[in-house]
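K.L.:
Sharing a structure below in structure tokens format, with a few things to ask.
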Amino acid sequence: MRQVRGFAHGPTLNRRRLLAAGGAATGLMVLPGPVSAAPMERRLRAAPGRAALVGAGYPDTEVWTYEGGVPGPLLRVPQGGRLRVAVENDLPQETTVHWHGLRIPLAMDGVPILSQPPIASGETFVYDFVAKDAGTFWYHPHVRGFEQVERGLSGVLIVDEPEPLAVDRDEVWVLDDWRLDQLAQVTEDFGHPMDLSHAGRLGNTVTVNGRIVEQVPVRAGERLRLRLVNVANARHFALSFEGHRPLVVAYDGQPVAPHEPEGGLIVLGPAMRADIVLDCEGRPGDRVSIVDRFYQGREYRLLDLAYDREAPLREDPLDAPRVLASNPVPEPDLRDALTAEIVFEGGMMGGMSAGMMNGHRTDMRSLMRAGKMWAVNGIVAVGEAMEPTVTVPEGRTAHFTLVNRTAWPHPIHLHGHHFRVLTRNGAPPPHREWRDTVLLLPEDRVEVAFVAGIVGDWLLHCHVLEHMAGGMLAVVRVA
Ligand code: C2O
Ligand code: CU
């Protein structure tokens, strides 16, 4: 992977000293065993709360939570199961919940105006849908995401395969990035023009499952399934597992032929997920660092795998399949595809001089005064209700070429669909994987294809939440 230039902000909040104080407990979620196939009713109350993000020696951080937690509760439903979630809004702002990566009806997609009126303070909205695909998904608000997600609103939804992989432990690691002040409080400079026009809101504190984690205990010989979920507004990760060979078995919830990633790096832009199978091949007492290498010159240790002193669980890696059964996602038919080129432009050092905003050609200086910096096919989005950039007949294959004409990386997400990645800069990727969010590095050109599934207006946007707020959002209509 090409590295991306360094930025002003790295995770630097006295992290090493803070970490030295922690240690014993890891705060990682260990998943419960198999669940029943019964329909699941859950409540998600969104409300202000507190969380011990940094830990010893620092005050709790004021956050916004689902059910009091950061991240919110882990929701889990069997494939084909139905989930009914009552979202109670006790925030001082309106909100919605978007079920990222789920192929569900538009009315359940959580986009204000396009899907539903936003949930006002004091109101409740019930989301009700069937989980068609097994995998690792997540949920987050789709109103003022650059503030609401940053304040802590997000959670993971696991849809269980009928035949789970045989592993010793199945764990979720929710990766988040926070910009905290010296008292460990979230700085309230949401949507700052510097962040909007550059890399988005990069923070100074990286948490795993809502706290700074020093180490994760492991036992020699055990096999882990790690579900990595990047819920950060803007931080990208490229994780290397020193001396280990993590095998990717799914991206964005969709199974992929198990493989070791290029350069051994698990790359996760905002909103992206990777399920990996990790055989703990170290020896009792070993300590192995997981290092994030995404930003050049800003590498840092995320956490250590700390091997206990017990005898290895087994001498040879577990002899069990690591292939997940595929989901029922319709295969695109490229012979009869509707093609479109979708160009992302803007930001600093991008050379964009003007864009169409509210139907008027607007120069960059006026755009910036309006808090807008980005465009999709020349259009600068103001809110979600907009004319479609592309209209695809229901059931037809769409074949898009996504072009990054900017100086910044953008994780581009399509709602309600997964697409196959056909080419990257002209070359087919080794696994033609399915994704709901694809990372475009500067000047990248990526071809994707999908079958237009469900009638409606679906968002296509950058998941750097400041870029989305700054206009990098479009609508794909399925009609
Ligand atoms: Cu995960 Cu439109 O979002
Ligand atoms: Cu972006």
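The values are calculated or read from the model by the stated rules, or taken from the named source; none is laboratory data. Just so it is clear, the model here is predicted, and its values are computed rather than measured. We place every Cβ from the backbone using ideal geometry, glycine too, and count neighbours over all the protein chains shown. The protein model used for the area step is the full one, side chains on, heavy atoms only, and it has no ligands, DNA or RNA in it. Shrake-Rupley method; radii C 1.70, N 1.55, O 1.52, S 1.80 Å.
K.L.:
So, VAL343, is that one in a strand (DSSP E or B) and either open to solvent by 30 Å² or more (accessible area, probe 1.4 Å) or modelled with pLDDT of 95 or more (or both) or not? Can you show your working first?
P.N.:
Values: in a strand (DSSP E or B): yes; either open to solvent by 30 Å² or more (accessible area, probe 1.4 Å) or modelled with pLDDT of 95 or more (or both): yes.
Yes: the conditions hold for VAL343.
K.L.:
Hey, among the residues in the range 196-216 that are outside any loop (DSSP other than H, G, I, E, B) and open to solvent by 40 Å² or more (accessible area, probe 1.4 Å), which one's farthest from GLY69 (Cα to Cα)?
P.N.:
GLN215
K.L.:
Conditions first: (1) farther than 30 Å from PRO317 by Cα; (2) modelled with pLDDT under 95. PRO164 passes all but one, so which condition is the exception?
P.N.:
Unmet for PRO164, out of (1) farther than 30 Å from PRO317 by Cα; (2) modelled with pLDDT under 95: (1).
K.L.:
Restricting attention to the range 449-468, and to residues there that are assigned to a strand (DSSP E or B), of a type outside the set (Val, Ile, Thr) and more than 27 Å from LEU202 (Cβ to Cβ), which single residue is nearest to ligand 1 (Cβ to nearest atom)?
P.N.:
Result: TRP458.
Condition check ((1) surrounded by 24 or more Cβ atoms within 10 Å (Cβ to Cβ); (2) in contact (Cβ under 8 Å) with a residue 12 or more places away in the chain; (3) away from ligand 2 (no atom under 16 Å from the Cβ); (4) over 21 Å from GLY72 (Cβ atoms)) across all residues:
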{"position": "TRP138", "(1), (2), (3), (4)": "yes, yes, yes, no"}
{"position": "ARG144", "(1), (2), (3), (4)": "no, yes, yes, no"}
{"position": "MET194", "(1), (2), (3), (4)": "no, no, no, yes"}
{"position": "VAL218", "(1), (2), (3), (4)": "no, yes, yes, yes"}
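K.L.:
Can you tell me which residue within the range 89-117, out of those that are within 13 Å of ligand 1 (Cβ to nearest atom) and part of a strand (DSSP E or B), is surrounded by the most Cβ atoms within 10 Å (Cβ to Cβ)?
P.N.:
HIS100
K.L.:
Right, another one. Of the residues VAL403, VAL438, VAL421, VAL446, only one is of a type in the set (Val, Ile, Thr) and either in a helix (DSSP H, G or I) or farther than 18 Å from ALA271 by Cβ (or both); which?
P.N.:
Unique residue meeting the criteria: VAL403.
K.L.:
Additional query: Report, by residue number, each residue of the range 409-435 that is in contact with a helix residue (DSSP H, G or I) (Cβ under 8 Å, 6 or more places away or on another chain) and within 12 Å of ligand 2 (Cβ to nearest atom).
P.N.:
Hit for the range 409-435 is HIS410, nothing else.
K.L.:
Just to be sure before I move on: is LEU324 within 30 Å of PRO78 (Cβ to Cβ), modelled with pLDDT of 95 or more and open to solvent by less than 30 Å² (accessible area, probe 1.4 Å) in the structure I sent? Working first, answer last.
P.N.:
Values: within 30 Å of PRO78 (Cβ to Cβ): yes; modelled with pLDDT of 95 or more: yes; open to solvent by less than 30 Å² (accessible area, probe 1.4 Å): yes.
In short, yes.
K.L.:
May I pose another question? Got a sec? Which strands (runs of 3 or more DSSP E) wholly within the range 220-261 have at least 1 residues that are surrounded by 21 or more Cβ atoms within 10 Å (Cβ to Cβ) and of a type in the set (S, T, N, Q)?
P.N.:
In the range 220-261, the matching strands (runs of 3 or more DSSP E) lie at 223-230, 254-259.
K.L.:
Let me ask something else. List the pairs whose first member sits in the range 349-365 and is in a helix (DSSP H, G or I), whose second member is surrounded by fewer than 17 Cβ atoms within 10 Å (Cβ to Cβ), and whose Cβ atoms are under 7 Å apart, counting only residues at least 6 apart or on separate chains?
P.N.:
MET364/SER353; MET364/ALA354
K.L.:
Could I ask something else about it? Can you name every residue in the range 436-479 that is within 16 Å of ligand 2 (Cβ to nearest atom), under 22 Å from GLY145 (Cβ atoms) and of a type in the set (D, E, K, R)?
P.N.:
Once the filter is applied, which keeps residues that are within 16 Å of ligand 2 (Cβ to nearest atom), under 22 Å from GLY145 (Cβ atoms) and of a type in the set (D, E, K, R), the range 436-479 yields ASP436, GLU466.
K.L.:
Pick from VAL174, VAL149, VAL186: which is touching a residue at least 24 places away in the same chain (Cβ under 8 Å), open to solvent by less than 40 Å² (accessible area, probe 1.4 Å), over 18 Å from LEU414 (Cβ atoms) and touching a helix residue (DSSP H, G or I) at 6+ places or on another chain (Cβ under 7 Å)?
P.N.:
Numbers: VAL174 fails: touching a helix residue (DSSP H, G or I) at 6+ places or on another chain (Cβ under 7 Å); VAL186 fails: touching a helix residue (DSSP H, G or I) at 6+ places or on another chain (Cβ under 7 Å).
Of VAL174, VAL149, VAL186, the one residue that is touching a residue at least 24 places away in the same chain (Cβ under 8 Å), open to solvent by less than 40 Å² (accessible area, probe 1.4 Å), over 18 Å from LEU414 (Cβ atoms) and touching a helix residue (DSSP H, G or I) at 6+ places or on another chain (Cβ under 7 Å) is VAL149.
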